[in-house]
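To start, the structure under review is shown below, and the notes come after it.
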Amino acid sequence: MAQALFHDKANGSEIRADGKVVGSSLIGQQGYSLDYFQPRPANGLGENSVNTRYKLILSGATNLSADNEELVKSVEEARAKVVKDNSTAGHEVKPSQVPADAVTSSGSGLDPDISPAYADLQVHRVAERNGLTVDRVQTLVDDHVEGRALGFIGEPRVDVLELNVALRELLAKS
């Protein structure tokens with residue numbers, strides 16, 4: 001029944017590129033080069049140390065309080081990296097422009113989405129590194145902003161994997 005009514009969801013919300021499954025729209029991925037849009041940090045992820053027979057990746061939040069020195073240091077370091085990575089010759093990113101989702105992981109550590117503000121912050125870097133115009137990359141981001149569910153639930157968001165697949169397709173056409 002699920003295959004007939006909800007085929008895409010029943011198969012894990014797969015995202016395909018070049019005829020192959022490259023991921024799920026429900027699970028964030030790490031490890032993109034700076035040529036691509038970056039996801040949220042995955043600070044809550046770790047490896048299983050109890051049963052080492054299988055290499056299991058764990059997900060979850062750091063569970064650190066807002067005033068925890070380790071979290072504060074991590075956020076400050078992440079903000080400095082976002083500023084450095086996204087500042088280009090003609091566009092300087094200021095620390096005050098860095099949105100929270102650029103420096104903090106989600107509760108699960110697996111969130112596939114970033115805020116439109118974080119995607120916008122990355123536009124100049126992605127354009128410069130790929131030889132594209134800022135306007136073309138901004139249009140790509142704008143085309144991938146998903147609104148609130150039912151018009152009022154949640155926040156607008158951008159699925160990083162879907163955006164990066166679209167960027168790759170754009171680059172292949174160029």
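The values are calculated or read from the model by the stated rules, or taken from the named source; none is laboratory data. What you see is a predicted model, and the numbers here were worked out from it, not measured in a lab. Backbone-built Cβ (ideal geometry, glycine too); neighbour counts: all protein chains shown.
Here is a list: VAL165, VAL141. Which entry is touching a helix residue (DSSP H, G or I) at 6+ places or on another chain (Cβ under 9 Å) and β-branched (Val, Ile, Thr)? Step through it out loud before you land on a result.
Details: VAL165 fails: touching a helix residue (DSSP H, G or I) at 6+ places or on another chain (Cβ under 9 Å).
Just a single option satisfies the conditions, and that option is VAL141.
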task: Just one of (1) in contact (Cβ under 8 Å) with a residue 12 or more places away in the chain; (2) in a helix (DSSP H, G or I) trips up GLU155, so point out which.
output: (2)
- prompt: If you scan the range 77-103, which residues turn out to be more than 18 Å from ALA42 (Cα to Cα) and of a type in the set (A, V, I, L, M)?
  reply: VAL83, ALA89, VAL93
message: I'd like the full set of residues that are outside any loop (DSSP other than H, G, I, E, B), surrounded by 18 or more Cβ atoms within 10 Å (Cβ to Cβ) and at pLDDT 95 or above, limited to the range 80-103.
response: VAL82, VAL83, ASN86
field: From SER65, SER106, SER74, residue being assigned to a loop (DSSP other than H, G, I, E, B) and either within 19 Å of ALA42 (Cβ to Cβ) or among the acidic types (Asp, Glu) (or both)
entry: SER106
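Among the residues of the range 144-152, are any in contact with a helix residue (DSSP H, G or I) (Cβ under 8 Å, 6 or more places away or on another chain), part of a helix (DSSP H, G or I) and farther than 13 Å from PRO41 by Cα? Quick ask: steps written out before the conclusion?
Taking the range 144-152 and keeping what is in contact with a helix residue (DSSP H, G or I) (Cβ under 8 Å, 6 or more places away or on another chain), we get 144-145.
Now restrict to residues that are part of a helix (DSSP H, G or I): none.
Within the range 144-152 (the criterion being in contact with a helix residue (DSSP H, G or I) (Cβ under 8 Å, 6 or more places away or on another chain), part of a helix (DSSP H, G or I) and farther than 13 Å from PRO41 by Cα), the answer is no, since none of the residues qualifies.
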message: Exactly one of these conditions fails for ALA80: (1) free of Cβ contacts under 8 Å to residues at least 24 places away in the same chain; (2) touching a Ser or Thr at 6+ places or on another chain (Cβ under 6 Å). Give me its number.
response: (2)
message: Among the residues of the range 101-111, are any charged (D, E, K, R) and more than 25 Å from VAL165 (Cα to Cα)?
response: no
- prompt: Can you tell me which residue in the range 135-174 is surrounded by the most Cβ atoms within 10 Å (Cβ to Cβ), limited to those that are at pLDDT 95 or above, more than 16 Å from ASP85 (Cβ to Cβ) and of a type in the set (Val, Ile, Thr)?
  reply: VAL158
